[in-house]
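The values are calculated or read from the model by the stated rules, or taken from the named source; none is laboratory data. Small disclaimer: the values here were computed from a predicted structure and weren't measured. Positions of Cβ are backbone-derived with ideal geometry, glycine not excepted, and every protein chain shown enters the neighbour counts. Note: accessible area is taken over every heavy atom of the protein model, side chains too, but ligands, DNA and RNA are not part of it. Shrake-Rupley method; radii C 1.70, N 1.55, O 1.52, S 1.80 Å.
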Amino acid sequence: MTPSAARSATSIAELSINTIRFLSIDAVQKANSGHPGLPMGAAPMAYVLWKHFLKHSPQNPQWVDRDRFVLSAGHGSMLLYALLHLTGYDLTIDDLKEFRQLKSRTPGHPENFMTPGVETTTGPLGQGFANGVGMAIAEKILSAKFNGPEFKIVDHYTYGIVSDGDLMEGVSHEAASLAGHHGLGKLIYLYDDNNISIDGSTNLAFTEDVPARFEGYGWHVVQVADGNDTEAIADALSAAKEEKERPSLVVVKTIIGFGSPNLADTAKVHGSPLGEEEVALTKRNLGWPENMSFFVPDDVREHMAEALHDGARLEQDWQSSFDEYRERFPDDAASFERWMSGDLGDEWKDQLPVFDLDERMATRASSGKVLDAAGQRLHFLVGGSADLSGSNKTFIRGREPFQKERPDGTYFHFGVREHGMAAICNGLVLHGGFRPYCGTFLVFSDYMRPSIRLAALMGLPVIYVFTHD
């Protein structure tokens, strides 16, 4: 199939979607390991989001006002790698061919310190969901602090694709509850609702009414009945963006392994390669060249690479606005740049208390004094406690609690949600602009271990305050 023949056979949207599918299929097959089913089913929603909604700058993955995208369902990593490659990030076709190989830039699960454009390390299900909540909180605080009537220096969304597994994990429940409470209207998740897990149908263990649950959390819920209906997906995302007071869950009914004649809608396509014969049958079924691997039609490459031009324009428009902002509000601009750079400076050190070693003082008390002193100068030192502020001594004088009606608050009442608290703090760091801390009793630190481990893996400067009951 030549690019022109392929173009005449189908729309550029469908052609792009199938390119995403087959890059994923071919990479998993070449590695003889991976999860092809999710990319095959979720490719249409991913295409619509990345092509028509996501604000990003592929030539500068760290642009501060980019939309954040989190693939919480990290096992479907080839979906993300295909998108990054096609939209012009520094990820080559050879990188895709090295999927899941030692020292490659395309590991089995996305790693934010290995691959440009990956916002957070995902794999342990539910973690990305909670990280995204932290990113949305960060955006809300920064926009409240630095934006004004004439300038929107911080104005972006946090998007994600989440799976059945993400929504089963307890950490997502904790984070979703808090996101609804805070009315994070610029948090939008697409739910890949395919009813299949590794053991088989999700009916084996997961039969709750997910839309009703999220509505109960205070989320805005939109449902799309056909995961291949790109117009319906676009309409749902538009409705989500119009909702300003609540986070949104777009429930998209998909078919895992879509296009595979023998494996679609089965657990067999969840976590194993299709096999050479089934790959050929799937390509034939979807009108793709059977004798070509890692094929990208020229029309698709041109169509998807428009993100490079669009991203450069968006970033330049933002930079021009920020330059004017700097001229009119130099102190605020300097403060914003310092927040986003993570530069601690040295002046705060002079404010730290000095303790007499002979003085008897509870360590929680001395910890609280140090935290408070540092917080008087380091305004981007933000955090809170899991319903134990008084015991942990985590409150900083002069801070207001972050709440829906107080988006500039920088103290967090996390409630009794230790796991969600730790993962949200990771998201605050990953967004940029914050040095978070969180506190609880030492015994509850066990609930936080997955998030702490990931913070260590990613080198995130999160401060943990543990006290004895």
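Quick notes on this one:
- Members of region 316-370 found to be within 17 Å of Phe434 (Cα to Cα) and modelled with pLDDT of 90 or more, listed by number: Asp332, Ala333, Ala334, Ser335, Phe336, Glu337, Arg338, Trp339, Met340, Ser341
- Figure legend. Inter-residue proximity from region 28-52: first residues open to solvent by less than 10 Å² (accessible area, probe 1.4 Å), second residues among the acidic types (Asp, Glu), beta-carbon distance below 6 Å, spacing 6+ or different chains. Indicated pairs: Ala42/Asp192.
- The residue pairs whose first member lies in region 309-321 and is closer than 11 Å to Pro58 by Cα and touching a residue at least 40 places away in the same chain (Cβ under 8 Å), whose second member is polar (S, T, N, Q) and open to solvent by 60 Å² or more (accessible area, probe 1.4 Å), and whose beta carbons are closer than 7 Å, counting only pairs six or more residues apart or on different chains, are Gly311/Gln59; Ala312/Gln59.
- For region 334-383, a residue qualifies if it is within 27 Å of Asp323 (Cβ to Cβ) and open to solvent by less than 60 Å² (accessible area, probe 1.4 Å), and the qualifying residues are Ala334, Ser335, Phe336, Trp339, Met340, Gly342, Leu344, Gly345, Leu378, Phe380.
- Test result for Met135, touching a Phe, Trp or Tyr at 6+ places or on another chain (Cβ under 8 Å) and open to solvent by less than 10 Å² (accessible area, probe 1.4 Å): no
- Test for Ala386: is it touching a Leu at 6+ places or on another chain (Cβ under 8 Å) and surrounded by 14 or more Cβ atoms within 10 Å (Cβ to Cβ): no
- Matching residues in region 319-354 - criterion: being more than 28 Å from the chain's Cα centre (by Cα), under 16 Å from His379 (Cβ atoms) and basic (Lys, Arg): Lys349
- Any hit, region 11-21, residues being in contact with a strand residue (DSSP E or B) (Cβ under 9 Å, 6 or more places away or on another chain), open to solvent by less than 40 Å² (accessible area, probe 1.4 Å) and either of a type outside the set (S, T, N, Q) or not in a helix (DSSP H, G or I) (or both): no
- Scanning region 216-246 for residues that are under 21 Å from the mean Cα position of the chain (by Cα), free of Cβ contacts under 8 Å to residues at least 40 places away in the same chain and part of a helix (DSSP H, G or I) turns up Ala236, Ser238, Ala239, Glu242.
Residue-wise test of (1) in a loop (DSSP other than H, G, I, E, B); (2) open to solvent by 20 Å² or more (accessible area, probe 1.4 Å); (3) modelled with pLDDT of 95 or more.
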| site | (1), (2), (3) |
| --- | --- |
| Phe258 | yes, yes, yes |
| Pro261 | yes, yes, yes |
| Ser272 | yes, yes, yes |
| Glu278 | no, no, yes |
| Leu281 | no, yes, yes |
| Arg284 | no, yes, yes |
| Trp288 | yes, no, yes |
| Val296 | yes, no, yes |
| Asp299 | no, yes, yes |
